[in-house]
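Report on the structure given below.
The values are calculated or read from the model by the stated rules, or taken from the named source; none is laboratory data. Everything quoted here is computed from the prediction, not taken from an experiment. Cβ placement follows ideal geometry from the backbone for every residue including glycine, while neighbour counts extend to all protein chains displayed. Just so you know, the surface numbers come from the protein's heavy atoms only, side chains and all, with ligands and any DNA or RNA stripped out. Shrake-Rupley method; radii C 1.70, N 1.55, O 1.52, S 1.80 Å.
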Amino acid sequence: MGKAIKAFIYLVLGVVILVGGLFAAVALLVNPNDYKGEIVNLVKEKTGRDLTITQDMSLTFFPWVGVELGGLVLSNAKGFGSDPFMGVDSVRVRVKLMPLFKSRLEADSILVKGLRLNLAKNAKGVSNWDDLTASPDTDKPSSPTSESPVGSDHPSTVVLSVGGVNIENAALRWQDAQAGVDYALEKINFSTGPLTPETPFDMKLAFGLSSNEPALGATIELSGRATLDLSAQRYQFSSAVLAVKAQGAAIPEGKTEMRMGFDALADLSQESLSVEGLKLAAMGMDLSGKIVGSSIVSKPHFKADLSLAEFNLKKLLSQLAGEPVQTLDPKAMSRVSSQIALTAGLEEARVTQLTVHLDETTLKGSGSVSHFSNPVIGFNLTLDTLDVDRYLPPQPSSGEGQKGDIQAKSKAKKGGANQGESLKSLRGLNLDGTFKAGKLKVANASLTDLTVGVKANEGIIKVQPLSAHLYQGLFDGNVKMDARRDLPVVWVNYDLKNLQAGPLLKDVTGADRLSGTARSTANISTRGFEPDTIKANLNGTADFFFENGALNGVNVARMIRNAFNMLKGIPPEPEGTAQKTDFAELSGSVNINQGVVENQDLSMKSPLLRITGKGQVDLPGNQINYEAKAAVVGTLKGQDGQSIDELKNIVVPIKVTGSLDEPKPALDVGAVLRENLKGQAKEKLKEQISEKLKGRGLGGAEGLLKNILPF
C-alpha cells in the first residue's frame, strides 16, 4: 500500500511539472502582440469599427492565467463624429490556474484604468451602439446546445472568489440630440475589498457629474459594506452612506449638500426588500424612517414609515425662491414637522396616516392615488385650527400696490394662453375628498366647523357639502363646475341663516357699516375664467333680510333735516350727530341678467323712516343707477333729539349714480321742496275752505270735509 501511495504522489507531481512546463513554454514561445493585426481585423469584420491597440499585450499562464493590455481605442459609429466610442488606458485580469480544475474561479484584483465611454443618440433617435447590439441571425430560432441543455436541473457549480475590483479615473458621457441634454460622469473611481460569496466586503464609489440641462455640477460618493450570496440570491448593503455636493444655477443659492445613510437587504428568492435606519439630511431637513418591500420582482409593493424632524419652512422657501419670503407674522412657518405612513404599488399609493405640524396647527388625515396613468385621487383631511392671515405677504405700499395691480392685469390678459391647459387638467381630474377645519381664520373672518367635500370626474367638479358656522350663523351651500365646455360653467347656491353682520363686517373691513341679524339665499351661475367674462355671464337670483340692525356711517334723518333746513335758511346740524340709521327690517331681492343686477323691492322699516328703493348695477359696465325713497313716518326727535314734524309723510328721493369705484349719492333737494310746498298748499287750501264754511254757518262740516278731500 505504501508503494502505491508513493507512486501516486510521484505521478501527480509529474503531471504538475509537465503542465507547468507546458504553460511556461507557451509563455516563452508565444508573443500575443504577433496577433494584434488579426484581432484588429476581426473587430473590423464583426463590427465595422476600427480598433487601435497602442501598447504591448502580455500573457501569463502559471500560476496565474491572465492578460494585461492597454491603449485600446474603439472608433465611433458612422455619423457620430471623430470622438472614439470607447477607450481604455490599461486592463489587467488574471485567475489562478489550478483551482479551475476544481470548479473554483479565484481571480486576482481586476484593474481597469482610464476607461472612457461616449454614448450618444442623434436627432433621429439612433444610438451609437445600435450597430453593436444588432444580430444578423435574429430571424433564426435559437436551439439548445449540448453544453447548456434547456431545463437542466443540474447546472455546473462554480465557486467564485475575486481579489477585488478597481476602476480608476473612468469617464462616461451621454449626449441626446433629441432631448438636448449632455451629461458627463468624470473621475469615476470604484473599489472593493476581496469578493467571496457570503463574505462581507467594503465598497466605495466616487465620481463627478456635470449637466447642461439643468446646468449643474456635483460630486457624489457612496460607501458601505456589502454581502453577496449569489446562490441564495441575498444581497446586503449595510452602513451605507451617500453624500452629494451640488452646485450650479439650477441649485437654490447656487449650491447644496445632501447626505443619506441606510442599511438595505434584498432577498430575491423571497422577493423582499428592507431598508432600515434610513436617514436623509438636505437643505435644513432631516428625514428618517424605514421601508419594507414585498413581491419586488413579480408585483412590487412597498410600505414606508417616515418622519420629518422640525425645520424652518420659511427658510427653505426663501432658498428655493432666491429671495426672502415675507409673511404678516414674522414667526410663521418657522416650525414644521410631519409623520407619514404610506404604501405603494405599481397602480396605487396610499397615505394611511398623515400628521403635519405647522407652527400651532395640526393637520391629520389620509389619502390615496390609484391608476397612475389616469390618476384617481382621494383624501380625508382634518385641521384643528389655522390662521391663514399669518401666512399672507405683508400689504404693499400704495406705489407698490399700483405696480402689483398693473402686473396682475397684465398676467390676466396673458392668462388666456393657459386656459387650454387649465381646462385639460380639470377635465382629467378624478377626485373624491373631504376637508374639515375646527377653526379657520381667513381675511380676518373667523369660521368654525368648516366642512368641504369635493368630487370631480370627467370634467364635472362638485363642492358639496360646503358648510360652516360663522358669527352665530350657519352657511350651507354648494358649487358645481362643468369644465367640459370651452367656457366652463359655474353654479353657486347657498343658504345663510342668523348671521350677525356687524361683527363680520368689522372683522373683514374694519368697519361695521351694516349690522343686524341676517339671512340670505342665492342661486347664481356664470361662465369663463377671466373676471370680465365672469361678470358678463353672471345670471341668477338672490335675496336678503336683516332685522334689528343699523346702517352705520349714514344718518338718513340728518340728511333730510339738513336739506330741509337749507331750504329754510337754517344752518346744518353739527358733525357731532351720530352717523347711524337704525332699522327694524331691511330686505330685498335681486335678479341678475348677463351681469346686470336689478333690484325692485328694497325695503327698510324703522319707527322713524320708511325707505324703499329700486335700480340696477351694471357689473360689466361698472356703473350704478339706483334710487331710494325715504319717508318720515314719525317724529325725528326720537332718534337724536332734533325734530322736524313738517317733513312727516314727505317722501325724499336719494339717488346713487356713477361708477362702482366712486359712486355718487345725492339727495333730491328739488323733490323735498316740491313735497314741502305741496304740503303747505294743501294746508292753506284746507284753511280757506274751512273759513268759508264757517262764514256760511257750516262750521260743523269740517269733519265731513276731511273725509271728502283727498289730502
**Message:** Under the rule of at least 5 residues apart or a separate chain, name every residue whose amide H is placed under 5 Å from the amide H of T362.
**Reply:** D384, T385
**Asked** Got a sec to turn the phi values of region 208-225 into Karplus ³J(HN,Hα) couplings, 6.51 cos²θ - 1.76 cosθ + 1.60 with θ = phi - 60°, whole Hz, x for Gly and Pro?
**Response** x, 10, 9, 9, 9, 8, x, 6, 7, x, 8, 10, 10, 10, 10, 9, x, 10
**Request:** At 0.36 nm per residue, minus the direct Cα-Cα distance, what do K439 and S191 gain on full extension? Give it in nm, one decimal, please.
**Result:** 83.4 nm
**Message:** So for region 301-358, averaging the separation of alpha carbon pairs under 8 Å that are six or more residues apart and normalising by length, what relative contact order in percent results?
**Reply:** 40
**Fill in**
Quick calc: nm separation of the 7 Å Cα→Cβ label points for S58 and D384 -> 7.4
**Item:** Value of D in µm² per second that Stokes-Einstein yields for region 227-374, Kirkwood Rh from Cα pairs, at 20 °C (1.002 mPa s)
**Value:** 120
**Asked** Using a 1.4 angstrom probe and counting only protein chains, how large is the accessible area of W129 in Å², to 10?
**Response** 80
**Fill in**
Sorted by chain and number, the residues with a modelled amide H under 5 Å from that of N555, at a separation of 5 or more or across chains, are K580
**Asked** Taking the Cβ-Cβ separation of A179 and R259 as r and a Förster radius of 30 Å, what is the calculated FRET efficiency to the nearest 0.05?
**Response** 0.50
**Calculated FRET value between S307 and V633, using beta carbons and R₀ = 51 Å, to 0.05** = 0.15
**Asked** What does a probe at V479 reach in region 441-457, counting residues whose amide N is under 14 Å from the point 7 Å along Cα→Cβ?
**Response** 451-456
**Request:** Under 16 Å from a label point 7 Å along Cα→Cβ of S238: give me every residue in region 273-296 with its amide N that close.
**Result:** 274-278
**Item:** Length added when fully stretched, K124-V508, from 0.36 nm per residue minus Cα-Cα
**Value:** 132.2 nm
**Two-site FRET efficiency, T47 against N169, from Cβ-Cβ distance with R₀ of 25 Å, rounded to 0.05** = 0.45
**Request:** Over 22 Å between C-alpha atoms is what I'm after, so list which of K506/K629; K439/K580; K497/K614; K506/K580; K364/K455 land there.
**Result:** K506/K629; K439/K580; K497/K614
**Request:** Give the carbon-plus-sulfur fraction of the accessible surface of region 473-548 in %, rounded to a whole number; probe 1.4 Å, heavy atoms of protein chains only.
**Result:** 51
**Fill in**
Here region 186-201 yields Karplus 3J(HN,Hα) values (6.51, -1.76, 1.60; θ = phi - 60°; whole Hz; Gly and Pro given as x) of 10, 6, 6, 10, 9, 8, 9, x, x, 9, 9, x, 6, 10, x, 9
**Per residue, in Å², the accessible surface of region 331-391 once ligands and nucleic acids are set aside, probe 1.4 Å** = 52
**Request:** Starting from the amide H of L72, placed 1.01 Å from N in the peptide plane, find each other amide H under 5 Å away whose residue is 5 or more places distant or on another chain.
**Result:** T54, V88
**Asked** For H469 and A349 in the same chain, what is the full-extension length gain: residue separation times 0.36 nm, less their Cα-Cα distance, in nm?
**Response** 39.7 nm
**Prompt:** On the accessible surface of region 291-376, probed at 1.4 Å, how many percent belong to carbon and sulfur atoms?
**Reply:** 59
